[in-house]
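Peer 1: Have a look at the structure that comes next, please.
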Amino acid sequence: MRRRDFITLVGGAAAAWPIAARAQQREQKQHVAVLMGGLSSGDAGGQEEAAAFEDGLQELGWKLGSNIALDYRWPGAELDHVTVAANEIAAARPDLVVSRSTPATMAIVNRGLPVVFVLVADPVGSGIVRNLGQPGGNITGFSIFETSVGGKWLELLKEAAPTVSRVSLLFNPATAPFAEGYLRSAQAAAQTFGATVIPAPCGSTADIEDAFASRAREGGGIIVIFDTFLVEHRDVLIALATRYRLPAIYPSRIYVPSGGLMSYAADYPDIFRRTAGYVDRILRGAHPGDLPVQEPAKFTLSVNLKAASAIGLTLPQSLIARADEVIE
């Protein structure tokens, strides 16, 4: 080979290397850990959320197993299990973490990893972000409710069962430190609707049973707030509401197909689909703390007519007509 040809070959290869390196960097597989707090892997609602998230990613050009890998952890609602899963994720050092629920987010925040949280009830009050518009730090995400929804739950419960005057608001202080906001909202609305809202802290199944038994003796209804502990024990809640013939409203539609009377809730799969957009932006270079925390864009009202009949309640047609989902 002539010297000039050799120089041309080497020079051309050297010029091509940066281009190839940049292309390889663009196609490098990104690793995202997904901490599904409050759910087990067999939870149908959780699988629906995960599917919506993956659909959103694929619509943005991410190919599972090719340029992105998702590592799901399903720790349930036990705080010890959530902490173990968070420790495992922190040790693996993924490129980004998606954390579902307030306890899961509290467990993974401040681990030096970028985080997009989902379904956090009160991110400012919980100390997760500085404010919604400029969260700061290395975290942003999607809240699930404004605490004012506590008043909306009471309003709908009163519409479904107008004679209800005393209502217990259930929460677990360990997994729902934000419950006070919902309680204040419901109690403020109670003055308008001629009702009394009573806090009912529940840290065990025995506490849940006591709360229902107490409400049954005095009459009234039940508000269940968004709380990973209560989600995990939803079968117990629904069974007790039926046994004691108490009208109850729930914070997620996953209660209703299982026999819950009604729910007014953010559209969880829609939130997860929107989460894919933030994941995409961060993996492409955006800083999480510069992205504002977003609130739910869609709420759905679900009612179960069979559950109403089981407790001797006839739901008004005006309520049924407004429902996004009616189970007969």
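The values are calculated or read from the model by the stated rules, or taken from the named source; none is laboratory data. The model shown is predicted, which means the values in this text are computed figures rather than measured ones. Because the Cβ atoms are built from the backbone with ideal geometry, glycine has one as well, and the counts that use them run over all protein chains shown. These accessible areas exclude ligands, DNA and RNA; they are computed on the full protein's heavy atoms, side chains included. Shrake-Rupley method; radii C 1.70, N 1.55, O 1.52, S 1.80 Å.
Peer 1: Surrounded by fewer than 24 Cβ atoms within 10 Å (Cβ to Cβ) and at pLDDT 95 or above, is that true of ASN138? Write out each step before concluding.
Peer 2: Working: surrounded by fewer than 24 Cβ atoms within 10 Å (Cβ to Cβ): yes; at pLDDT 95 or above: yes.
In short, yes.
Peer 1: Would you check if VAL120 is within 21 Å of GLY45 (Cβ to Cβ) and in contact (Cβ under 8 Å) with a residue 12 or more places away in the chain? Steps first, please.
Peer 2: Values: within 21 Å of GLY45 (Cβ to Cβ): yes; in contact (Cβ under 8 Å) with a residue 12 or more places away in the chain: yes.
Considered against the rule, which asks whether it is within 21 Å of GLY45 (Cβ to Cβ) and in contact (Cβ under 8 Å) with a residue 12 or more places away in the chain, VAL120 comes out as yes.
Peer 1: Just a yes or no: is a residue in region 97-120 open to solvent by less than 10 Å² (accessible area, probe 1.4 Å), assigned to a loop (DSSP other than H, G, I, E, B) and hydroxyl-bearing (Ser, Thr, Tyr)?
Peer 2: The answer is yes; a qualifying residue exists.
Peer 1: Six or more apart or on different chains, Cβ atoms under 7 Å: show the pairs whose first residue is in region 141-161 and within 19 Å of ALA179 (Cβ to Cβ) and whose second is part of a loop (DSSP other than H, G, I, E, B) and of a type in the set (D, E, K, R).
Peer 2: Close Cβ pairs satisfying both conditions: SER143/GLU295; GLU146/GLU295; THR147/ASP122.
Peer 1: Do any residues in region 276-301 that are closer than 30 Å to SER263 by Cβ have Cβ atoms under 7 Å from those of residues that are among the charged types (D, E, K, R) and part of a strand (DSSP E or B), where the two are at least six apart or on different chains, and which pairs are they?
Peer 2: Taking only residues 6 or more apart or on different chains, the pairs are THR300/GLU325.
Peer 1: Hey, another quick one. Which of the residues that make up region 162-184 are in a loop (DSSP other than H, G, I, E, B) and without any contact (Cβ under 8 Å) to a residue 60 or more places away in the chain?
Peer 2: Of all residues in region 162-184, those in a loop (DSSP other than H, G, I, E, B) come to 162-165, 172-178.
Correct list: PRO162, THR163, SER165, ASN172, PRO173.
Peer 1: Return the total of residues in region 42-87 being open to solvent by less than 70 Å² (accessible area, probe 1.4 Å) and in contact with a strand residue (DSSP E or B) (Cβ under 6 Å, 6 or more places away or on another chain).
Peer 2: Adding up the residues that qualify gives 11.
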